[in-house]
Amino acid sequence: MSPVFPTVREVLALVPVRHGAPRLAAGETGLDRPVRWVHVAEVPDIATLLRGGELVLTTGIGLPADDAGLRAFIGDLADVGVSGLVVELGRRYVGGVPRVMVAAAERRGLPLVELRRATPFVRVTEAVHALIVDAQLTELRATEEIHQRFTELSVEGAEPAEVLRQAAELAGCPVVLENLSRQVLAYDPAGESAELLLDGWEQHSRRIRPAGRTAYDPDSGWLVTTVGARGQDWGRLLLRWPVTEATPPTRLTILIERAASTLALGRLIRRDAEGLERQIHRTLLTALIDHSRPVDEVALRARALGVTLDRRYLVGVVVRHRNDDPAGDVGPDAADEPAATRRRDRDAVDPEAGPARLRDLAEAVGQAVREAKLTALTSAVDDHAVGALLALPDPGAEEKALAAFAAALRRVRLDAAPIRPTAPRPPRPADGSGRAGSVGGARPVDGAARPAVVVAAGSGVSSLREARRSLVEARQIAEAARRDPRDLPCFRLPHVGLAGLLHLLRDEPRLQTFVERELGALLAYDAQHPREQLLGTLRAYLEQGRNKSAAAVAAHLSRPAFYERLARIGRILDADLDSVDQCLSLHVALLALDAVRTP
């Protein structure tokens, strides 16, 4: 029965009842029973007319005179489930109700109350019924607010964390969302200790076995509903209701079901996006990088998701494509075009290509972590890269774990890459726009379209508070290694040399000033002449070791045209491109420009 009804204890506290000087004769354990209605009766067989939950008022004038009859009367009331019996003294019983009634009521846990002063029963019934009606109106208002609140959340496409926050606020109780493996996807402790709430969650959750799709488990004190839609269940939503109290009110059942339907609808809307578990991984990794959440909270939420980060040796890993252009080459001269032009042409072909490619890479990284039997948080960390925070038992496992991950990623991507015959085309120019190829190597000659990726790892750390440094370092190494032609399973800081150093110094104003001093005039010229892009010509020349013939081939230009461009670059920069020192300075400036421009 819903706690929207007042209890026997609350009824005894009403003014009309207190006017009768009530005294509890028996059944103290039943004082918290809800009172559904008040019924006045003076006949011994009244139990046959009741449905349970009534508070029976009587003067006792019609009750049996013998002990057996009184025991049967009390037994019938208890069997039908009445909330309590109130007997007004003075008419049938003067000093108190018979002991046999007291004993029978105590044995059945039925509250038996004596009113020692004359009490108009009509005032009692009016007061109790008004209390019931008021409580029902309050329940209806609360239900209406629940419907309105969750309708707004559905329309707004609220994230699971916000849905649970609102549910916990309306219920005043802790709320937990878990997947079918009993891993916590989101939670709100409603002001209680999150540590205590989630401690040993999986084992605790498996002991919660409600009888039905939405039901209350009195043994554990949790109200549970299944989350899913279209016949595909993917989780459970749990709301903790104290075991010592009565069954949760109807409004809480409505609340948890509305919250579950809001979560299911949100998942359907985002069915083409990353899964909810991956969203939580991304939230936690982002929190570590941006310091947007306390480290202790990140550790707690990760542990509830099945990833233990505290007291582990942590290594940040970043995986990214060498080429930021998900559509590949949009034409043989694509590399000589401005980046904005290439992006515009790419989006005209397929605006979803970039996010889809990033999701594929994130799935590949997650699968590689599983195949390598590692524990990690994994998710996209920006528009081009996927990060993983490996949790290892000790520093000695670092090299073996990174090698296993890189090998697994290579297998996953090669297995997943479709073999698509492609028309012959000239190689991409060496202007820094990227190189196509298989994982960690050159473009396959069999026509397989497998974009190259770079795997980079930061320095290992022994504390979650230092994890940000490892992740940021890994991202910087991955950026610096994009143009490195070597086929390394995993790039570390010593592998990237000068480019890595420049990435570490990318926010240094003096480095940015150096770039502007060396290349500012050429960048301004390219901005005014977007079809020429002389910066790419300079890059090809420097990357080919100042070999003009090789650079002309790499830039897809005839030698006279290439020489003319070089001469124009020299005039714009007022630089001698035959000077080793000046070319070295320009090359460093180009590498620094790449570091500064990295998103």
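Things to note:
- Test result for residue 585, small (Gly, Ala, Ser), within 30 Å of residue 474 (Cβ to Cβ) and open to solvent by 20 Å² or more (accessible area, probe 1.4 Å): yes
- Matching residues, region 440-468, being open to solvent by 10 Å² or more (accessible area, probe 1.4 Å), at pLDDT below 90 and either within 23 Å of residue 595 (Cα to Cα) or outside any loop (DSSP other than H, G, I, E, B) (or both): 441, 451
- Evaluation of residue 268 against (1) modelled with pLDDT of 75 or more; (2) assigned to a helix (DSSP H, G or I) (one fails), failing number: (1)
- Filtered residues of region 125-157 (kept if among the small types (Gly, Ala, Ser), within 28 Å of the chain's Cα centre (by Cα) and surrounded by 14 or more Cβ atoms within 10 Å (Cβ to Cβ)): 142, 154
- Test for residue 182: is it open to solvent by 10 Å² or more (accessible area, probe 1.4 Å) and within 21 Å of the chain's Cα centre (by Cα): yes
- Just one residue in the set 78, 118, 68, 105 is touching a residue at least 12 places away in the same chain (Cβ under 8 Å) and out of contact with any strand residue (DSSP E or B) (no Cβ under 8 Å at 6 or more places or on another chain); that residue is 78.
- Looking at 522, 566, 584, just one residue is without any contact (Cβ under 8 Å) to a residue 12 or more places away in the chain, more than 22 Å from residue 323 (Cβ to Cβ) and in a helix (DSSP H, G or I), and that residue is 584.
- Exclusive hit being at pLDDT below 70 and assigned to a helix (DSSP H, G or I), set 327, 335: 335
- Residue ID - nearest to residue 266 (Cα to Cα), chosen from residues in region 202-247 that are touching a Cys at 6+ places or on another chain (Cβ under 9 Å) and in contact (Cβ under 8 Å) with a residue 40 or more places away in the chain: 239
- Every pair of residues 6+ apart whose Cβ atoms lie under 7 Å, when the first sits in region 455-468 and is touching a residue at least 60 places away in the same chain (Cβ under 8 Å) and within 15 Å of residue 393 (Cα to Cα) while the second is acidic (Asp, Glu) and open to solvent by less than 40 Å² (accessible area, probe 1.4 Å): 460/398
- The set of residues from region 3-19 being at pLDDT below 90 and open to solvent by less than 20 Å² (accessible area, probe 1.4 Å) comprises just one member, 6.
- Test: residue in region 542-556 that is among the β-branched types (Val, Ile, Thr) and open to solvent by less than 20 Å² (accessible area, probe 1.4 Å): no
- Screening 40, 8 for residues that are touching a Lys or Arg at 6+ places or on another chain (Cβ under 8 Å), of a type outside the set (Lys, Arg) and in contact (Cβ under 8 Å) with a residue 60 or more places away in the chain leaves exactly one candidate, 8.
- Verdict on residue 176 being touching a Phe, Trp or Tyr at 6+ places or on another chain (Cβ under 6 Å) and under 14 Å from residue 263 (Cα atoms): yes
- The residue that is surrounded by the fewest Cβ atoms within 10 Å (Cβ to Cβ), among those in region 88-100 that are touching a residue at least 40 places away in the same chain (Cβ under 8 Å) and not charged (D, E, K, R), is 96.
- Test: residue in region 364-372 that is modelled with pLDDT of 70 or more, open to solvent by 10 Å² or more (accessible area, probe 1.4 Å), in contact with a Phe, Trp or Tyr (Cβ under 6 Å, 6 or more places away or on another chain) and under 23 Å from residue 470 (Cα atoms): yes
- Top-ranked residue of region 481-512 - restricted to ones that are farther than 14 Å from residue 591 by Cα and part of a helix (DSSP H, G or I), ranked as most open to solvent (accessible area, probe 1.4 Å): 510
The values are calculated or read from the model by the stated rules, or taken from the named source; none is laboratory data. Given the structure is predicted, the values throughout are model-derived calculations rather than measurements. Note: ideal-geometry Cβ built from the backbone for every residue, glycine included; neighbour counts use all protein chains shown. Please note that ligands, DNA and RNA were not included when accessible areas were found on the heavy atoms of the full protein model with its side chains. Shrake-Rupley method; radii C 1.70, N 1.55, O 1.52, S 1.80 Å.
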